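Input: a single structure, listed below in C-alpha cells.
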Amino acid sequence: MGQKVYPTGFRLGITENWRSRWFAEKDYAKTLGNDLEIRKYLEKRLSRAAVSRVEIERAGDKVKVIILPARPGVVIGKKGAEIDTLRTELEKVGTTIMVQVKSNDTVEVMTTYLSDFSRNTLYRAKADAPGLRTGFRGREVALIELRSLCIPNEGTAYLLDLLSRMTNENSVSTNDNGVTQTVEARQGVALNALVEIKPRVMLRPFRTFLEVEQPESEFLLRVDPDEGIGFFEADGGIWKLEAKKNIADYFLKNMGDLIDAGKVVVMQ
C-alpha cells in the first residue's frame with residue numbers, strides 16, 4: 001500500500017522553501033492566525049489574478065507579503081493603483097479595530113494605539129440627519145416639519161391636531177401667564193374657542209443615524225401671534241447620550257462575533 005505525502009512538505013528544505021518564514025516564541029498562535037487571515041483575504045481579493053503562491057516573511061513588526069500571480073496586471077492595476085489599495089487593505093488585516101461613537105451623528109473607525117500612542121483614523125461616518133430646528137416658524141412650515149422631520153408619536157399627533165384647528169396666524173390671539181398658554185382654535189366649521197395648550201411635548205425628530213432608534217425628547221411649545229409656532233429643546237441635550245447608546249448598541253448587536261473574537265472594540 002502506497003504512502004501519500006503532501007508534496008510541498010516532502011520537498012521543504014530541498015527544492016521548496018517555507019511559505020511562511022518567521023519565528024514567534026510567545027505569540028505563535030496569534031501570528032499564525034494572522035497569516036491565515038492574510039491568505040484568506042488575498043484568495044478572495046485576487047481571485048481573478050490566478051495566484052499560485054503567497055509567501056509571508058516577518059521581521060519584528062515588519063510583514064512582507066510575496067504574491068506570485070499568473071496575471072500580474074490584475075494585481076498591479078492601472079499605474080500601480082491596485083498595489084497601493086492592496087497595501088492599505090493588508091495593513092488592516094489582523095488589526096484590532098476601534099469603533100468610537102464620538103457624538104449623536106459621528107462615528108470613527110480607528111486602529112489601536114501605534115508606537116507613538118497615536119491612532120490612524122480609517123473611516124469617519126457622519127449622519128445626514130435633518131433634526132428639528134429650534135425657534136419660531138409659520139403654521140404651515142410647522143405642519144410640514146412635524147410630518148417630514150419627526151417620527152409619529154403622541155406629541156406629533158397632538159401638535160398636528162392643534163395646528164390644524166388654529167385660525168389664520170394674523171388673527172391668532174393668545175393668553176400667556178408664564179405657566180400655561182391658551183390660543184384661539186377652530187371648532188366645527190365656524191365656531192372659535194380658547195384652547196389651553198400643553199407647554200411641553202415629547203417629539204422624536206431625525207437627529208442620528210437612520211439605522212438606529214431615534215431618541216425621544218422634550219420640547220417647549222410656544223405660540224406667538226407675530227412669530228408663529230416655536231419649538232425649543234427642553235432636556236438640556238440628554239437625548240444625545242441616548243443617541244450615542246443606541247449607536248453603540250447597534251454595533252454590539254451586529255458585530256458581536258467580531259467583538260467576541262477581539263477584532264473590534266466599541267467605545268462611547
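At a glance:
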read-out: Theoretical gain in end-to-end length, L241 to L122 [0.36 nm per residue, Cα-Cα removed]; value: 40.4 nm
read-out: Region 136-150 and region 225-268: distance between their alpha carbon centers, rounded to Å; value: 24
read-out: V5 paired with I66, simple spin-label distance in nm, labels 7 Å along Cα-to-beta-carbon; value: 2.3
read-out: I14, I38 arranged by Cβ crowding within 10 Å, fewest neighbours leading; value: I14, I38
read-out: Calculated FRET value between L32 and N153, using beta carbons and R₀ = 41 Å, to 0.05; value: 0.15
read-out: Computed E for E233/R165 - FRET, C-beta separation, R0 22 angstrom, nearest 0.05; value: 0.30
read-out: Stretch gain in nm, segment I259-K44, where the contour uses 0.36 nm per residue and the Cα spacing is subtracted; value: 75.1 nm
read-out: Neighbour-count order for T134, T15, fewest beta carbons within 10 angstrom listed first; value: T15, T134
read-out: Segment R200-I14, extension gain: residue separation times 0.36 nm, minus the distance between their alpha carbons; value: 58.7 nm
read-out: Over 24 Å between alpha carbons, listed pairs K44/K253; K30/K245; K126/K245; K40/K64; value: K44/K253; K30/K245
read-out: Charge context of K253, other residues only, Cβ under 14 angstrom, K/R +1, D/E -1; value: -4
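Taken together, the values in this text are just the output of simple stated rules run on the coordinates, not laboratory data. Everything quoted here is computed from the prediction, not taken from an experiment. Glycine also receives a Cβ, built like all others from the backbone with ideal geometry; neighbour counts cover every protein chain displayed.
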